[in-house]
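Note sheet for the following structure.
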Amino acid sequence: MRIAESELIINADGSVFHLHIRPEQLADNVILVGDPGRVQMFEQHFDTIECRNASREFVSFTGSRNGHRVTVLSTGIGTDNIDIVMTELDALANIDFETREVKDVHRTLNIVRLGTCGAIQPEIPLGSFILSHYSIGFDGLLNWYAKREEITDTAMEEAFMKHMNWPASLPVPYFAKASNKLIELFADSTVRGMTISAPGFYGPQGRVVRLGLAMPDMLERVESFVYGDHKITNFEMEGSAIAGMAGHLGHEAITVCCAIAHRYLKDANTDYKPQVAKLIKLVVDKLTD
């Protein structure tokens, strides 16, 4: 079936609408970061840089190291941007831009989100690298897509909503599993996590500045939730959509974040760039060694 011009917009230079990446420029290994300024921090780890692209908050390059191609791409903040990024990455991989039809052979991408987060469990120190084995979407994005229950853990969702006394006025949360293949690759150098992806930095993560919260005891309830051997470890803002969309589209994806704030201890590290630089090296090494 041909995909209409209005549904998938292709720029005059043959690149996809928002990302401004052409199909031949996309590597099988993709690293996603929120901050466009963080993309340049990766370049020193590559032997060659084959191309650079930039449009709005979507800054990218594709490079090679030890014979392995990697695309590094910034997403901006929030799961709404991830809807764009994941859809367009999949289009670059699995849609023929000439015929506008889905390719006969599916191409699977390995997608690693590298970011920062706030830890909520007392035993996790600042600076830890937390790997989200499960991502919990407070954003509601996946609920816009059909059959989302096929790639989420509905039993865990029901237990969580009951534990939280979840208000009917808020989006139904979803629990998306990370890639087992990529979990195994990074397990020896990360803390096992179950991560909330919030649709905001303040209220949706339980922060109070001037406005009160719909769930004033949210942090305490989140911290005390246990399901089997899983408990919630941290907050960030994109991982649930990455895991959920990857599951739907047939890609491997994980989120690994450096803890730069501690909600339980009410502490934060504003000089976190050296630790993020270590995480960047770790991720590049794992994907290219």
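Given +1 at the Cβ of Lys and Arg, -1 at the Cβ of Asp and Glu and no other charges, the dipole of the chain around its Cα centre is 600 debye to the nearest 20.
Peptides 221-227, 69-75 ranked from most to least packed give 69-75, 221-227, packing being the mean of other C-beta atoms within 10 angstrom over each peptide's residues.
Does a label point 7 Å from the Cα of ILE9, set along Cα-to-beta-carbon, have any residues of the range 18-49 with amide nitrogen under 11 Å, and which are they? Within reach of a label on ILE9: 18-19. Sorting 235-246, 203-214 by average packing, meaning the other beta carbons within 10 Å per residue, from highest down gives 235-246, 203-214. Of all DSSP-defined beta bridges confined to the range 25-164, some 60% are antiparallel rather than parallel. Given R0 = 22 Å, the distance between the Cβ atoms of LYS273 and ALA54 translates into a calculated FRET efficiency of 0.55. Shape call for the range 60-129 from the C-alpha gyration tensor, a ≥ b ≥ c root eigenvalues: rounded (a/c under 1.5), prolate (a/b greater than b/c) or oblate? Because a/c hits 1.5 or more and a/b exceeds b/c, the range 60-129 counts as prolate.
Taking 7 Å steps out from each Cα toward its Cβ at HIS106 and LYS147 produces label points 1.0 nm apart.
If R0 is 35 Å, the Cβ-Cβ spacing of VAL226 and SER169 corresponds to a FRET efficiency of close to 0.85.
Sequence-ordered 3J(HN,Hα) estimates for the range 252-262 from the Karplus curve with 6.51, -1.76 and 1.60 and θ = phi - 60° stand at 8, 8, 9, 10, 10, 10, 8, 6, 10, 9, 10 Hz, glycine and proline given as x. Ordering 28-34, 118-124 by mean Cβ neighbour count within 10 Å, with the highest value first, yields 28-34, 118-124. Near SER64, once Lys and Arg are set to +1 and Asp and Glu to -1 for all other residues with Cβ below 13 Å from its Cβ, the sum equals -2. Once each part is reduced to its C-alpha centroid, what is the distance from the range 123-193 to the range 203-258 in angstrom? With the range 123-193 and the range 203-258 each reduced to a Cα centre, they are spaced 7 Å. If a paramagnetic tag sat 7 Å from the Cα of VAL208 along the Cα-Cβ line, which residues of the range 217-235 would have the backbone N under 13 Å from that point? Under 13 Å, as judged by backbone N against the label point of VAL208, lie 217-220 of the range 217-235. DSSP beta bridges confined to the range 143-287 are antiparallel in about 60 percent of cases. DSSP bridge analysis restricted to the chain gives an antiparallel fraction near 50%, rounded to the nearest 5. Grab the beta carbon distance between LEU282 and ASP47, set R0 = 25 Å, and tell me the FRET efficiency rounded to 0.05. The value I calculate is 0.90. In the range 167-289, with Lys and Arg counted as +1 and Asp and Glu as -1 at Cβ, which of these residues, MET237, ALA253, THR190, has the Cα nearest the positive end of the dipole, that is, farthest along it? The listed residue farthest towards the positive side: MET237. Count charges around GLY37 for me, please; just the other residues with Cβ under 13 Å from its Cβ, Lys/Arg as +1, Asp/Glu as -1. Here the charged neighbours net out to -1. By the Cβ-Cβ criterion of under 4.7 Å, the unpaired cysteines of the chain are CYS51, CYS258.
With a simple spin-label model that places each label point 7 Å from the Cα along the Cα-to-Cβ direction, the separation between GLU98 and ASP188 comes to 4.4 nm.
Values in this text are rule-based calculations from the coordinates and carry no lab data. A quick note: this is a predicted structure, and the numbers were derived from the prediction, not measured. A quick note on method: Cβ atoms are made from the backbone with ideal geometry, for glycine too, and the neighbour counts reach across all protein chains shown.
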